[in-house]
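The values are calculated or read from the model by the stated rules, or taken from the named source; none is laboratory data. As the structure is a computational prediction, the values presented were derived from the model and not from experiment. Cβ coordinates were reconstructed from backbone atoms using ideal geometry, including for glycine residues, and neighbour counts include every protein chain displayed.
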């Protein structure tokens, strides 16, 4: 059970949700849940909106997503801020399903909770022999947010893989010149045997389940990974399931299929760029070019 509250000018209305036009064409909708988790995070999206109909469509979609505690849709700045426990990948997919170009601009935590860093890993697809196969295009990404000193949230989305479970590992090196083969061993600063994300290598993150359409989503929280320790390393998705056993160094998960370098990313509100300095493309043009690859 939950209560839906709309708050404006110190007044609270316990009716059906509606949207309030404020200064700078911003629409704010606050949703409060009973037993709300204590660890929240905030994600900033750039959404290509042109009119109030766009705002209404985006707001309607966000209203229906469980785990969103508040959202702010800003038409003038073509910006959407979402706060809650829902995975950013789920919000991004829902926004894209409205037919609009959507870009994650940054992630952080709500004001007053502090923020220790954010990172992103953009996956490229390699064949079973990465030495003979060039990248085939983007195949998903992983986002890291250090929610607090002890908790790192990792949100992973992949596409184009065979249905079933596929192992996920952070590797020592960020060298992907030869695909996954040049990324080194699993990240293992504590010298533990291979295993699950609680007892194995620090870089052992278990498995991601891919559906019949080739898509997989996974959100995990780790109290062993720190964003500042993994920036510059790599993440690899394997062809087979990781059996999580200590009997091998990789859980018999096989060759890598997707890999990418973990790089520092902007936190919420840290990236305001609208035009790419290298080629003059707008944010939206650049995003569409990437989607066509």
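Computed values, structure above
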{"quantity": "Which listed residue, of 213, 207, is out of contact with any helix residue (DSSP H, G or I) (no Cβ under 7 Å at 6 or more places or on another chain) and modelled with pLDDT under 95", "calculated": "213"}
{"quantity": "Options 149, 159; residue that is out of contact with any strand residue (DSSP E or B) (no Cβ under 7 Å at 6 or more places or on another chain), in contact (Cβ under 8 Å) with a residue 24 or more places away in the chain and surrounded by fewer than 23 Cβ atoms within 10 Å (Cβ to Cβ)", "calculated": "149"}
{"quantity": "Enumeration of residues in region 187-215 that are without any contact (Cβ under 8 Å) to a residue 40 or more places away in the chain, within 20 Å of the chain's Cα centre (by Cα) and assigned to a loop (DSSP other than H, G, I, E, B)", "calculated": "197, 202, 203, 213"}
{"quantity": "Members of region 69-103 that are in contact with a helix residue (DSSP H, G or I) (Cβ under 6 Å, 6 or more places away or on another chain) and either part of a strand (DSSP E or B) or modelled with pLDDT of 85 or more (or both)", "calculated": "71, 73, 75, 76, 82, 94, 98, 102, 103"}
{"quantity": "Options 157, 151, 190: the member that is farther than 19 Å from residue 107 by Cβ and outside the structural domain of residue 87 (by TED's automatic domain parsing)", "calculated": "190"}
{"quantity": "Residue match in region 26-34 (condition: surrounded by fewer than 16 Cβ atoms within 10 Å (Cβ to Cβ), at pLDDT below 50 and more than 27 Å from residue 120 (Cβ to Cβ))", "calculated": "yes"}
{"quantity": "Failed item, numbered, when residue 169 is tested on (1) crowded, with 17+ Cβ neighbours inside 10 Å; (2) out of contact with any helix residue (DSSP H, G or I) (no Cβ under 7 Å at 6 or more places or on another chain); (3) modelled with pLDDT under 95", "calculated": "(3)"}
{"quantity": "Members of region 233-250 that are part of a loop (DSSP other than H, G, I, E, B) and closer than 21 Å to residue 139 by Cβ", "calculated": "233, 239, 240, 241, 242, 250"}
